[in-house]
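Notes follow the structure.
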Amino acid sequence: MPRSRATIVEALQVGFQEMSTVQIMLHEIVAQRLSLNATEHKVMGLLSRRGPMTAGALAQATGLTTGAVTQIVVKLEEKAHARRDRNPSDGRSVYISATQPERYAKLVGETLDPLRRAMDRLTKTYSSAELAIVLRFLQDSLDVTRSATRAIRDESVDASPDAVRPHL
């Protein structure tokens, strides 16, 4: 018996929540193996893949504020994972880069290799047409999630006691 669209959409929403939790836990474990927290790990992944970035570019890529990015970069510098270098073109802007991007990528790759192999086996069970649909949905979902992340980050939240406690 075919499932209704509403049932499928509901199952997808539950699946998104479960996938989010599983991904957070996975990357927290990977980060711990590298003596990082999950956010530091994800920032290091960006720096390793994309190369040097400004704090603004990192904020845009992560959805974090530039202030939060600066705090993460300070921690990564303390752990000798990242460094800041002045832009040789203007001397005012600063580029943040991974100190050993190849080594970092290798460590993460080795840690996640069992997952990569399992995902390779899984994708072989789908046709190219099915994978194309999954890929399109994934890309669209990422766009929606990035947009929502920016909107939530940029919302001004009234943190006054009256806003937190209901009026009785």
Among (1) exposed (fewer than 12 other Cβ atoms within 10 Å of the Cβ); (2) assigned to a helix (DSSP H, G or I); (3) in contact with a strand residue (DSSP E or B) (Cβ under 7 Å, 6 or more places away or on another chain), which single condition is residue 118 missing?
(3)
Subset of region 3-52 that is loosely packed, with under 11 Cβ neighbours inside 10 Å and part of a loop (DSSP other than H, G, I, E, B) - its residue that is modelled with the highest pLDDT
4
When (1) at pLDDT below 95; (2) of a type outside the set (Gly, Ala, Ser); (3) in contact with a Ser or Thr (Cβ under 9 Å, 6 or more places away or on another chain); (4) assigned to a helix (DSSP H, G or I) are applied to residue 64, the one that fails is (4)
Candidate set from region 3-22 (those that are of a type in the set (Ser, Thr, Tyr) and within 24 Å of the chain's Cα centre (by Cα)); member that is farthest from residue 141 (Cα to Cα)
21
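Check 57, 38 and return the single one that is of a type outside the set (S, T, N, Q) and without any contact (Cβ under 8 Å) to a residue 12 or more places away in the chain.
Working: 38 fails: without any contact (Cβ under 8 Å) to a residue 12 or more places away in the chain.
Checking each option against the conditions leaves just 57.
Out of region 122-135, which residues are over 24 Å from the mean Cα position of the chain (by Cα) and either surrounded by 11 or more Cβ atoms within 10 Å (Cβ to Cβ) or part of a helix (DSSP H, G or I) (or both)? Give the steps one after another, and end with the answer.
As a first pass, look at region 122-135 and keep what is over 24 Å from the mean Cα position of the chain (by Cα): 124-130.
Scanning region 122-135 gives 126, 128, 129, 130.
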Of (1) modelled with pLDDT of 90 or more; (2) out of contact with any Ser or Thr (no Cβ under 9 Å at 6 or more places or on another chain); (3) among the small types (Gly, Ala, Ser), residue 91 satisfies every one except (1)
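Suppose we filter 79, 124, 106 for residues that are without any contact (Cβ under 8 Å) to a residue 40 or more places away in the chain and under 23 Å from residue 39 (Cα atoms); which single one remains? Outline the logic, then answer.
Details: 79 fails: without any contact (Cβ under 8 Å) to a residue 40 or more places away in the chain; 124 fails: under 23 Å from residue 39 (Cα atoms).
When all the criteria are applied, what remains is 106.
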In region 17-35, which residues are farther than 18 Å from residue 103 by Cα and without any contact (Cβ under 8 Å) to a residue 40 or more places away in the chain?
17, 18, 19, 20, 21, 22, 23, 24, 25, 28, 29
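The values are calculated or read from the model by the stated rules, or taken from the named source; none is laboratory data. Since this is a predicted model, take the numbers as computed values, not measurements. Positions of Cβ are backbone-derived with ideal geometry, glycine not excepted, and every protein chain shown enters the neighbour counts.
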